[in-house]
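Nothing in this text is a laboratory measurement; each read-out follows from the coordinates by a stated rule. For clarity, every value in this text was computed on a predicted model and none was experimentally measured. Glycine also receives a Cβ, built like all others from the backbone with ideal geometry; neighbour counts cover every protein chain displayed.
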Amino acid sequence: MSYRVKIDPHRCKSCELCVAVCPKKILEISDERNELGFHVAVCRNEQDCTGCLACALVCPDLAIEIEKEPDK
Ligand code: SF4
Ligand code: SF4
């Protein structure tokens, strides 16, 4: 099973909680800003995501969704 890490750039407030909590260290704050001026979190190396949901649960702005993807 692989996972898609969907981060809504419009909701992200750049708090970095998801970056801190991810056990695989695959989330980071990017240079890209949303319309409110916050640098948005992105997932690098999505293939390493274990689907643990820690990031989605910790995000105070409900900006992260983890989607299961069947292996091709
Ligand atoms: S679900 Fe877990 S492994 Fe995947 S990005 Fe979120 S915290 Fe990291
Ligand atoms: S926890 Fe949510 S609001 Fe905070 S940086 Fe991550 S995606 Fe953005």
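Taking the criterion of being touching a residue at least 60 places away in the same chain (Cβ under 8 Å), hydrophobic (A, V, I, L, M, F, W, C) and within 12 Å of ligand 1 (Cβ to nearest atom), would at least one residue in region 35-53 satisfy it? Walk me through how you get there before you give the answer.
Start the filter on region 35-53 by keeping residues that are touching a residue at least 60 places away in the same chain (Cβ under 8 Å), which leaves none.
No - not one qualifying residue is present in region 35-53.
Considering only residues that are more than 7 Å from ligand 2 (Cβ to nearest atom) and surrounded by fewer than 17 Cβ atoms within 10 Å (Cβ to Cβ), look in region 16-30 and name the one that is farthest from Cys49 (Cα to Cα).
The extreme case among them is Ser30.
Please tell me if Gly51 is small (Gly, Ala, Ser) and within 16 Å of Ser2 (Cβ to Cβ). Explain how you work it out, then say what you get.
Working: small (Gly, Ala, Ser): yes; within 16 Å of Ser2 (Cβ to Cβ): yes.
Answer is yes for this residue.
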